[in-house]
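Asks: Take a look at the following structure, please.
Every number in this text was worked out from the coordinates using simple rules, so none of it is lab data. This is a predicted model, so every value here is computed, not measured. Backbone-built Cβ (ideal geometry, glycine too); neighbour counts: all protein chains shown.
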Amino acid sequence: MKLNLKKPLVFFDLETTGTNVASDRIVEIALVKIMPDGSIHTRPEKPGKEHRFLINPEQDIPLETSMIHGIYPEDVKDAPTFKDVADKLFKFIHDCDLGGFNSNRFDIPLLAEEFLRAGIDFSVEGRNLIDAQVIFHMMEQRTLGAGYKFYCGKSLDDAHEALPDTMATYEIFEAQIERYANTTFKDKSGAESTPIVNDMDKIHEFCQRTNNVDLLGRIVYNDNKIPVFNFGKYKGQSVKDVLDRDPGYYGWMMQGDFPLYTKKVLSDIKNGKVL
């Protein structure tokens with residue numbers, strides 16, 4: 001089926017040194033761009049080049065992690081760093097919605113960290129974020145391999161390789177749109193809706209399980225659309241009010257082990273760029 005797209009939709013998958021968004025690094029990225037006319041682009045570069053990048057993370061890859069995705073230090077020792085390919089990747093996803101599997105909780109936050117470290121002011125503002133895992137877990141509650149079998153009737157033989165995982169995610173998402181076109185969903189409050197429609201704006205809304213201001217939900221919007229802290233001693237309190245009466249809290253967060261994107265959002269709120 002053809003997706004109803006207002007702008008290109010880039011599905012991507014990362015393999016990394018670990019699962020800590022603030023400190024781990026990308027070792028492989030694969031991207032597939034679906035255009036509004038239905039055509040698929042897999043190459044951020046000119047034809048003939050790879051549609052996936054191995055990336056030197058500039059840090060060790062733990063053996064247990066390499067055993068999962070099959071990428072070892074010797075595989076990436078001569079690969080470009082993320083900073084080397086950042087401009088190319090940024091141009092490829094410019095003005096695109098983003099999609100993946102568990103991407104809202106991991107891949108997009110970690111990608112944002114890498115861009116910010118490379119000096120590129122990456123933002124998700126104005127982008128729809130499509131997470132096929134959220135739809136899958138909310139509607140069926142299974143894993144990527146099971147989802148591929150369930151929705152597409154196929155076995156995912158190359159799981160934990162970035163490109164097969166990315167293409168499988170794209171196929172799952174198409175199948176989800178068809179399967180749940182007229183399915184009623186009941187949320188925790190009992191409200192019923194039919195959220196799975198061929199409209200990326202609506203899918204984006206359904207994929208947002210929390211009303212985050214930053215990517216990991218350290219800061220969220222409350223019911224009055226005011227950014228509030230979602231952790232610690234000031235949980236539930238207005239970020240702006242807290243920073244006004246306790247300026248040291250800003251310095252503590254900016255020097256702490258928080259993701260760069262969280263710090264960017266905090267600075268934006270402090271400087272009046274986020275309401």
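Asks: Which of these, LYS149, LYS91, LYS233, has the largest mean-square fluctuation under a Gaussian network model of the chain (Cα springs below 10 Å)?
Replies: Maximum fluctuation in the GNM of the chain, among the listed residues, is at LYS233.
Asks: Report the relative contact order of region 219-270, percent, no decimals, based on alpha-carbon pairs under 8 angstrom and at least 6 residues apart.
Replies: 23 percent
Asks: By how many nm would the segment from LYS6 to LYS149 lengthen if fully extended, with 0.36 nm per residue of separation less the alpha-carbon distance? Please report the intermediate quantities before stating the final value.
Replies: Details: separation 143, 0.36 × 143 = 51.48 nm, distance 2.92 nm.
My answer for the length gained is 48.6 nm.
Asks: Could you give the nm distance between label points at ALA191 and TRP252, where each point is 7 Å from its Cα heading toward the beta carbon?
Replies: Each label point lies 7 Å from its Cα, and together they span 3.4 nm.
Asks: Could you point to the label whose value was computed as mean projected area of the Cα convex hull in nm² for the structure here, given (1) 17.7; (2) 20.5; (3) 15.7?
Replies: Of the listed options (1) 17.7; (2) 20.5; (3) 15.7, (3) comes from this structure.
Asks: Most fluctuating residue of PRO247, PRO80, PRO164 in a GNM of the chain with Cα springs under 10 Å: which is it?
Replies: Sorting by GNM fluctuation, first place goes to PRO247.
Asks: Which of ALA191, ALA79, ALA168 moves the most in a Gaussian network model of the chain with Cα springs under 10 Å?
Replies: Largest GNM mean-square fluctuation: ALA191.
Asks: Given an 8 Å cut-off on Cα distances and at least 6 residues of separation, report the relative contact order of the chain as a percent.
Replies: 16 percent
Asks: Ok, one more. Find how many whole Å separate the alpha carbon centroid of region 138-179 from the alpha carbon centroid of region 227-244.
Replies: Centre-to-centre distance over Cα atoms comes out at 39 Å.
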